[in-house]
Amino acid sequence: MTTAVAAQNVPMFVLYAASFVVVLWAVVDAARRPPALMPPGRKAVWIVGFVVGWFVFGLIGAAIAVVYLVGPRRRLNAGRM
């Protein structure tokens with residue numbers, strides 16, 4: 001692999017590493033929530049969506065994680081869910 005090819009891969013690596021961190025943050029946050037705070041099965045759906053979305057579709061999992069972190073997570077923290 002030449003230096004030019006390796007340099008082109010660095011931004012993609014950084015992007016996927018950042019998306020992995022976001023997905024990991026969302027998984028840990030959703031997993032630590034008590035079952036009484038989320039409707040039955042909702043926690044599992046979110047976690048499976050994060051993980052499968054990231055492993056199968058790449059950045060789609062990160063997008064799902066961002067949706068969770070911006071929407072339901074804020075409502076859970078405010079006690080409105």
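General remarks:
- Calculated FRET efficiency for the pair Q8/V48, C-beta based, R₀ 30 Å, to 0.05: 0.35
- Tilt relative to the chain, helix 3-32 - C-alpha long axis, 0 to 90 degrees, to 10: 10 degrees
- Its Cα gyration tensor gives the chain an equivalent ellipsoid. The semi-axes, each the square root of 5 times an eigenvalue, are 32, 12, 8 Å from largest down.
- Summing Lys and Arg as +1 and Asp and Glu as -1 over all other residues whose Cβ lies under 12 Å from the Cβ of A65 gives a net charge of 0.
- Label-to-label distance, V70 versus A31, with points set 7 angstrom from Cα along the beta-carbon direction: 2.5 nm.
- Order by protection proxy (mean Cβ within 10 Å, highest first), peptides 31-40, 45-54: 45-54, 31-40
Only the coordinates and a few stated rules stand behind these numbers; no lab work does. From a predicted model like this one, the values you see are computed outputs, not experimental measurements. Counting neighbours? That spans all protein chains shown, and the Cβs are built from the backbone with ideal geometry, glycine included.
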